[in-house]
Every structure is written in structure tokens, then in C-alpha cells.
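**Q** Below is a structure I'd like to ask you about.
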Amino acid sequence: MIAEDLINHMIPPLKGTDDAHKAIVWMEEFRCNYMPVVDNGRLLGFISEEIILETNEIEKSVKDFSLVGQNCYVQLDTHFYDILKVAAENKLQVVAVLNEDQSYCGLITVQDTLTSFAQTAAVQLPGAILVLSMNHADYSLSAISRLVEENHAKILSSIVKEDPLDPSKLRLTLKINQIDLLRIVATLERFGYKVIGRYQDTKPEGDGKERIDMLLRYLDI
């Protein structure tokens, strides 16, 4: 999934000349904690109720407030993972989308993005999640995949990132198409891989909340 496919067209941007009262009304109407402020097609930043209440100037134009998230944007072809990264770096639950001319195209919410990803095959197919920690030099997805397949299983999806507890190591998260991971874990540990987490999806038809919770564990966010 890319940004263009995830734009929420129901949430409009505020104009720079709109007043703070309109911003608060729209936040309530669209259930959005931060609203984008756009002037002549250019993103000025985001405004929140907290920012407005700090000055308590309800008639003031939104462009005159101390806006945040001026760099909280992605391009139309930005991948799903990078969208979440930008949102996390800016500590916002929304991300603006700009085209190649840096003109505003729309808004993406983190919740919509997670919900969309939760519907993909990597999440919906029954299986379990396995988290490994290893040295950079020991990372080889092809070698790990071979060990998994030797146990008559397949890797549906994988995410690799720096281990937040030890920058010298990598943390690899795998979605595997089997529920029972005992033999796979035993094989991986026999070849020196350290298993630091496992999450089993015991209900293939779980409700939406269960899917989102599992997804958040999968992404480790």
C-alpha cells in the first residue's frame, strides 16, 4: 500500500484564514485531534485544540498560531511503513500527502492506515508471529526462510529493524503460516537464533480489535 491509496477524503484541510472556532468544530465533527492548515495549496502545519486553548483566542486565524508538524508529510508513492515512521517521528496520528510539486493532496490517519493493513493477506491469513534478535552479520532472510520451510511452513511477511534495546543487533519479526511454532523455534534456536517473542493467532476469524492488536504487536508499535 502507498500513500495515494490511503488518503482519507472525508477530512478537509483548514484554510489559513479560517478562525480557531471553525478548527475546533471540525475537529469534533471529523473526530481528528489535529487538523491540517493549508494556504494556496501549501501545507503550513497542523493545529490542535490544545494549541488553540493555550492562547484562548477563538477568533484568531489558524495560520497565526504556532502550528506543528510542518515536516509531517509524505509523497503520493510513499510506502505504508514509511508513513507510520513519519507519523511516529512527528508524534502525530495524522500525516499529510503532497505531490511532486509539494502541493497538498490530502490527509492520512494512522488508524485508517492500520485498519487497511490489517485487511491484507499477511495479517488475515491464519498463522503466528515470531520475533528474533540477532547480530547484523547473522541476518540472512534466505537462511532463516530455509529453516522455516524445513518445518513445512512458510514466511508470509517480515519486518526487520534495529533492536531498540541494543543498537548493535537487529530485530526480525516474522508472520508464519502455522499456529504451532514449537518445532520452528527449536530449529532456529539450534542454529543460534535468539527467539525473544511469539504471538499465536488462535482464532482465524477474530474480530477487528483482535486483528489490530495483533498487527500492533507485529509492527512493535
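Since every read-out is calculated from the coordinates, none of them should be taken as a lab result. Small disclaimer: the values here were computed from a predicted structure and weren't measured. Here Cβ is always computed from backbone atoms with ideal geometry, including for glycine, and neighbour counts include all displayed protein chains.
**Q** How large is the dipole of the range 3-117 about the Cα centre if only Lys and Arg carry +1 and Asp and Glu carry -1, each at its Cβ, rounded to the nearest 20 debye?
**A** For this selection, approximately 80 debye.
**Q** Once a ≥ b ≥ c are taken as the square roots of the eigenvalues of the Cα gyration tensor of the range 3-117, is the result rounded (a/c under 1.5), prolate (a/b larger than b/c) or oblate (a/b not larger than b/c)?
**A** prolate
**Q** Oh, and also: Of 3, 131, 75, whose Cα points farthest to the positive end of the dipole of the chain (charges on the beta-carbon: +1 Lys, Arg; -1 Asp, Glu; origin at the Cα centre)?
**A** Positive-end residue among those listed: 131.
**Q** Got the relative contact order for the chain handy, in percent, Cα pairs under 8 Å and 6 or more residues apart?
**A** 18
**Q** Taking a 21 Å limit on the Cα-Cα distance, which of the listed pairs 22/85; 161/194; 91/194; 91/175 fall beyond it?
**A** 22/85; 91/194; 91/175
**Q** Would you please give the residues with an amide H less than 5 Å from that of residue 170, counting only those at least 5 places away or on a separate chain, with H modeled from the backbone geometry?
**A** Here the answer is 134, 135, 136, 163, since their amide H atoms fall under 5 Å of that of residue 170.
**Q** Also, quick follow-up: Explain nothing, just the number: dipole magnitude of the chain about its Cα centre with +1 on each Lys and Arg Cβ and -1 on each Asp and Glu Cβ, in debye rounded to the nearest 20.
**A** Dipole about the Cα centre, nearest 20: 940 debye.
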